[in-house]
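Report on one structure; see the data block that follows.
The values are calculated or read from the model by the stated rules, or taken from the named source; none is laboratory data. Since this is a predicted model, take the numbers as computed values, not measurements. Quick reminder, even Gly has a Cβ in these numbers, built from the backbone with ideal geometry, and neighbours come from all protein chains shown. SASA here: full protein model, heavy atoms, side chains in, ligands and nucleic acids out. Shrake-Rupley method; radii C 1.70, N 1.55, O 1.52, S 1.80 Å.
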Amino acid sequence: MAKRIDVSGLTAFYGSHKAIEDISMTVEPRSVTAFIGPSGCGKSTFLRTLNRMHEVTPGGRVEGKVLLDDEDLYGAGIDPVSVRREVGMVFQRPNPFPTMSIFDNVAAGLRLNGNYKKSELNDIVEKSLKGANLWNEVKDRLNKPGSGLSGGQQQRLCIARAIAVEPDVLLMDEPCSALDPISTLAIEDLIGELKERFTIVIVTHNMQQAARVSDRTAFFNLAAVGQPGRLIEIDDTERIFSNPSVQATEDYISGRFG
Amino acid sequence: MSTAAVTDKRHSTLRAASLPRWTPWVIAAGSLVLGIGISMAAGLDSQVQWGLIAAVLFVLGTFGVAARVEGRRQAKDRVATSLVWVAFLLAVVPLVSLIWVTVVRGVKVLDVYFLTHSMGVVADTEPGGGIYHAIIGSLEQVGLATLIGAPIGVLTAIYLVEYGRGRLAKAVTFFVDVMTGIPSIVAGLFILSLMLIFEMQPFGFAGSLALAILMMPVVVRSTEEMLKLVPNELREASLALGVPKWRTILKVVLPTSVGGITTGIMLAVARIAGETAPVLLLVFGNPFINNNPFEGAQASLPLYIYQQFANSAGSGAAFDRAWAASLTLIAFVMILNLVARGIARWKAPKTGR
C-alpha cells in the first residue's frame, strides 16, 4: 500500500520527438503531489510514464528509471500489465465503459483480471463506491448504465473503478477539468481522503487546486515550442506558492506568463 | 397609434417575403399535371419520360417562383432542397416497383406446399414442385460460408485496428481492398480450378468456400470501421486498470462495437445469399433434396431462380416459380437485416438513466 516513487533521469519520446527530458524527482507515499505548468510541457506525458501507459501511444518510448519502492518499472522482465495494477490512473474526461452497468464498471478491473465470488465483488464495489463518495447517490441503481450519470458522478465512478483494484499509487490527469465547481469540490475532498491510503499524483491547470489539495508541487516548463519539457523545480506546495526558488516558477504562478 | 403604424411600415432587414408552406406541394402537383400534358401533346407514351419531364419542371418551377417572391438566395436553397427530393424519388421508385412486382408475381404459387417440397421429378415446364431443396442448399452454403468468412474477417479487422503496424498491416489492407473488387465468377473459378486439380464433382461446400472469399473483405471493412469508432479512452481506461490487451479487446472493445459488427456481417451475408455465378460453377444445381453440403450437387435459391428462367422454354409455371423463389430470397435477406438491426439495438451502448 502507498509506495514511494523515485524517478531519475527520465526522458520520454514520441517517435523521434523528445517530449520530456532528464526528469528526476521523488514522490512520497501517502501524499498528494501536483504537477503544474503550461500546456504542452509534458506533465501528462510524464504522468503516463509512471504506469507505463506512455508506451501504449504508437512510437512512445522511455529512457531512464522509475523506481516504485526500489523496483525499476522499466527494468528487464517487468510486465507493464502488472505495473498498471499497482499504479492506477484517472483520466481527464470521465470514461466509464458504456456497455457496463455502474456495478460492472466498478468491478471491471477485478473481473477482467481474475475470478471473484459475487459476494466478494459486492463488498469491494460497495467499499470502492463509498471510497469515491458515490455510494449514496447510486446505491439504488447499481444495475443502470454508468453513462447515465452526470459528469461529476461519472468521474467519481472512474475513481471508484481505479481504487477498486487497490493500487499503490493513483495518477490523476486533470481529473476536474471537465467538471463544474461543485463536482470539483467533491473530487478535491475525495483526494484529501484518498491520500490516507494511496500515493497520489495529480496533473492540474488550476493553480488554486494545486494549492488546495497538494502537499508538494512540481513545476514543469519548456524552453520553446518543439523543445522537450523539463522539471523546473519541486518543493513543498507552500514554498512553491509563497517563495519559489526559481524565477520562472514565480512568473508562472503570479500569471506573468502562461 | 401613429408610431405603431410607422414601425410597421419601416423596412426590416430580418424579415423578408416568404412563400407559404404548401408551395412545394402545389408546384409539384402543377408540374406533374403540366408534365403529363406536355407528354400527351408530344405523343410520348413512356411513364418514365412523363416523370422525368415533371421532375425537371418541378425544379425549374421552384426556382422561378422562389426567385420571384423570396429572392435569389432563398431560390437556390429551395432548388437544392427540391433536387434532394427528386433524387430521393428517383432512388426509391425502382426499389418500390421491384418489390411490388416481385410480391405481385411471387405470391401466385408461394404457399406452404411450395416451401416444403422439392422439384423432384416435376419437369421445369410443368406446374407444381417447390423450393425446399433450394432453401436447404442456400441455408447450408451461406451458413458454412459465414462460419468461415465472418471469424476470419473479424479477426483480420481486429489485427488491423488493434495490432497492425508497418508493412504487414499495409499489405493486408491492400489485399483486402483488392479482394473487395473480385468479381464473384472469379472467386468461383478459383475454387473450380482447385476442384479440377483434385478431380472432384460439384458439391455445396465448394460453393461455400467461394462465397466465403467474397464475404471476407466486406466483413473486414465494416468491422474495421466499427472498431475504429470505439474511443481510445475506453481502451486506455481498461489498460490502466491492469487489464491485458487481449482481454481489453475481448471485454471492452468488442462489446462496445458488437452491434455494428453484427450489422456488417449480416449485410455481407445478405450479399452472398444472392450470388449465382460461383454456385452455378461449383454446386451445379439439383432438383432433388440433398441435405449433405459435402457431397453431391445441391440447389440454391439464386441458382434455382436462374435455372427456372433459363430452362423453362417460356413456360408460365416455371416463371411463377422463379418469381416466388425471388420473393422468398428477398424475404430471407430482409429478415436477416431486421435481425441485424434488432441485435444492433439490443447490444448498443446504453445511455438511458
Residues of the range B:119-144 being hydroxyl-bearing (Ser, Thr, Tyr) and assigned to a helix (DSSP H, G or I), in sequence order, are B:Tyr132, B:Ser138
If you take the residues in the range A:101-111 that are open to solvent by 10 Å² or more (accessible area, probe 1.4 Å) and at pLDDT 90 or above, which one is nearest to A:Leu149 (Cα to Cα)?
A:Ser101
Could you check how many residues of the range A:233-258 are in a helix (DSSP H, G or I) and among the hydroxyl-bearing types (Ser, Thr, Tyr)?
4
Inspect the range A:221-232 for any residue being at pLDDT 90 or above, of a type in the set (D, E, K, R) and part of a strand (DSSP E or B) and give the result as yes or no.
yes
For the range B:163-196, name all the residues that are within 14 Å of another protein chain (Cβ to nearest Cβ) and either in contact with a Ser or Thr (Cβ under 9 Å, 6 or more places away or on another chain) or open to solvent by 40 Å² or more (accessible area, probe 1.4 Å) (or both).
B:Tyr163, B:Gly164, B:Arg165, B:Gly166
Residue count, the range B:36-55 (criterion: surrounded by 13 or more Cβ atoms within 10 Å (Cβ to Cβ) and closer than 23 Å to B:Phe88 by Cβ):
9
State which residue is most open to solvent (accessible area, probe 1.4 Å) when the search covers only the range A:122-157 and only residues that are more than 13 Å from chain B (Cβ to nearest Cβ) and polar (S, T, N, Q).
A:Asn136
Taking the range A:130-179 only, how many residues are touching a residue at least 60 places away in the same chain (Cβ under 8 Å) and in a helix (DSSP H, G or I)?
9
Restricting to helices (runs of 4 or more DSSP H) lying wholly in the range B:231-308: which have 3 or more residues that are more than 14 Å from chain A (Cβ to nearest Cβ)?
B:254-273, B:277-282
Could you please let me know if B:Ala28 is modelled with pLDDT of 85 or more and either at positive phi or over 29 Å from the mean Cα position of the chain (by Cα) (or both)?
yes
Looking at (1) surrounded by 15 or more Cβ atoms within 10 Å (Cβ to Cβ); (2) touching a Pro at 6+ places or on another chain (Cβ under 6 Å), can you tell me which one B:Arg235 breaks?
(2)
